[in-house]
1. In nm, give the distance between the simple-model label positions of A:Leu151 and B:Asp148, each being 7 Å from the Cα along the Cα-to-Cβ direction.
2. Residues of B:83-92, mean number of Cβ from any other protein chain within 10 Å of their own Cβ, rounded to a whole number?
3. To the nearest 0.05, how large is the calculated FRET efficiency for A:Leu121 and B:Ser112 if R₀ is 30 Å and r is the Cβ-Cβ distance?
4. Using a basic spin-label model with each label point 7 Å from the Cα along Cα→Cβ, how many nm lie between B:Glu375 and B:Leu239?
5. Looking only at chain B, where both bridge partners belong to it, what percent of the DSSP beta bridges are antiparallel (to the nearest 5)?
6. Report the one residue of A:Ser306, A:Val144, A:Ile68 whose Cα lies farthest in the direction of the positive end of the charge dipole of the stretch A:58-324 (charges on C-beta: Lys and Arg +1, Asp and Glu -1; origin at the Cα centre).
7. I'd like to know how chain A sits against the 2.2 N^0.38 Å rule of thumb: what's its Cα Rg over that expected value?
8. Add +1 for every Lys or Arg and -1 for every Asp or Glu among the other residues with Cβ under 14 Å from the Cβ of B:Asp163, and state the total.
Amino acid sequence: MSATTQQPSRRPSVGDLLARLFGGGSGTVFALLIVVFAWIFIVNPSFAEPPSLMAFLKQAAPLMILAIGQYFVIVSGEFDLSVGSLVGAQVVIAAALIDGEEGRTVPVILLMLGFGILVGLVNGLVTTLLKVQSFITTLGMMLVLYGAIRLWTGGAPTGALSEAFRQPGRGGIDMAVVRQLPWALMILLGIVIVAVAVMRSSYGRTLMATGDNERAAGFAGVRVWRVRTLAFVASSVMATLAAILIGGYAGVTAQVGQGLEFTAITAVVLGGVVLGGGKGSVIAAMAGALTLEALFVLFNQLSLPSTIRPAVQGVIIIAAVAYAARERARPRHHQEVPTQPQPATQS
Amino acid sequence: MRTTRALLAAAAAAALMLAACTTDEPADTAAPDESAAAEDPGAEGEEEPEQETADGEFFVRADFERQLAQRDIEPEGDPATPWLQAIEPEYVDTAEFAQDGNTLCFSNASVSNPWRVTGWITMQQQVEVLQQQGLIGEFRVSDAADDDNQQISDIQAFIDAGDCNAIIISPSTTATLTPAVEAACASGVPVIVFDRGVNTDCMVTFIHPIGGYAYGADAAEFLVDNLEPGSTVLALRILPGVDVLENRWAAAQEIFADSELEVLGDEFTGGDGAEIKNIVTQYLQRGEVDGIWMDAGDGAVAAIEAFEDTGNDYPVMAGEDELSFMRKWQETGMTAVAPVYSNFQWRTPILAATMIWAGEQVPSEWVLPQDEITEAERDDYLERNADMPALHYAKFGGEDLPGFPAAWQDR
């Protein structure tokens, strides 16, 4: 009998719900999200209007998609540092190959997906079969992609994206109240549904088990290399989708994608997903991304000087993660208790 | 445990509060002259702009005034070849450097943005012409990829090789590269510095357009002239701490401070289109933005699209002579101007080297003209560059070179 079954089963009260929400682990991120949003609404009530919220979700969607991809890799116990460069590379490739011709949109998107899968496979296979740490593999991939694009374009992107390519990131269905229901939001919802389904499938469970204890998973018959490689592929495909949305949202600039890998990792960690793998939910990772974006909005609404923002962001992230980690440490304590004599009932 | 938790939460909150407080300081100083114009009920007057007059590390009033005056001085030389024109030149004798050797060495800071890429292509085309004429032999190049230490050793390698007949340097940063430039001068070969400056005058010539103050002023004056008093302006900047960019913003602050425009804020964008669009969208959610001032127009289109996507009217806009922006400007018919940081300056150092080898006089400080592109000239420049990529610069000044236009298209 495990300690958890001995917990007295009380009816959940409002206090319990609040305690769960603000109590730590993945819950912290939702609490933080609520606080940040409430603060934004207080500072600028017009942000609560549907068109503003839609615009916010449209701009947040790429980071949330990146966070979902990063979640797969992190929960399996690895890192993917190449996603920022991949986003940059994909946007530059799209612009160069489409070069303003509408007819090339779909073939180029297919090509981008193919390229994304290839990058994910290389990341995954080098990490799992050659046993190179993913930190190094993907750092290398980040530099390779960055350098290759530099070499190919001579330092600055060329070409132009087609109107059709820009639709998913920029367009949407025009309607009353919200002004525009962005395609990006609908794409995001589709991806979330798939991601949640995947995490509930047997693959998702083996992925989690692999991250939790690679050896145990291996003994249990999990082909660790395959599970992890697929996680890297998922991450690269998500980066490709994010690139399509970012390119669509903002067009081509030389700096696109720079630093996104760290923002995505920060988002996942903020979502309570444990670096090293094995813990955390995909929804929480996504909420982490949403919280980060909301935080950027809040800084802007508060008119914080740009120069101080990274420092404030850092403090909030460390505080939130530290807070969540303290809470997470508790159940572990409980699980160790059964080795010692324990009273059958608790008051 | 609970107290620790509370402490952590309090620390986070305190950090936010503290940070929020810092914005109030400039508000207090700016309040007296702004209070009358606080007509926007949404903004409540508590978010006052940072209107303090710039007078610090990146603002030297004498330079500011000199550059503003230089804009009105007719440059010497043929307007058809602006890369050979000079504003108030003081010529130096170069007879001591006259020679038959013609190996040209160039230490480049980087090609890390479209402006530098465009210029670099122009430079190579110019070299090719002179190589065919036999005026330049080998053209040896090193690219430091924005790394000061790399560039210092690149320059040292040229000195050590001992067979450069002239060294051209486009410094990565001002102070750090100064000793390296001095070492190059000490080696006895003619040294030519262009684009960003260094803290020495040992080089034979220092080539640059008028400068950052003039650029920032061109943009700011246009906004002041084209916006109603009391209108709001958002400033979008790329990076902090780079002198040519800081000068642009310092000049703009001077001009905005003397105007009746309200500066909503100045934001760093990293030149990333997505970041630019996010920031502008957020400002539009807070209230009206009537004008946009940019310290570099890379990504200007993303800013304009933020107005389109949120259903707002186009702002009065100061972008840059990058074609993506100029095409958008033409397409929308918005009120705009394209300040220019003359890209054609990349031709000048090459020509200067051949002049020095021939013992001809060159200006010791070679100030090139720097004229903004106005609506009247816009279509002409766009027509001339019709086949050029979006991130190309209108005033690249290479139309007469043999590689035009293919060299700039196949970058």
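The values are calculated or read from the model by the stated rules, or taken from the named source; none is laboratory data. Not measured: the values here are computed from a predicted model. Positions of Cβ are backbone-derived with ideal geometry, glycine not excepted, and every protein chain shown enters the neighbour counts. Calculation scope for accessible area: heavy atoms of the full protein, side chains included, ligands and nucleic acids excluded. Shrake-Rupley method; radii C 1.70, N 1.55, O 1.52, S 1.80 Å.
1. It is 3.0 nm.
2. Per residue, the average neighbour count from other chains is 0.
3. Numbers: r = 30 Å, r/R0 = 1.00.
Calculated value: 0.50.
4. According to this spin-label approximation, the distance is 3.5 nm.
5. The antiparallel proportion sits near 15 percent.
6. Comparing the listed Cα positions along the dipole, A:Ile68 ranks first.
7. The value comes to 1.06.
8. Local charge sum for B:Asp163: -2.
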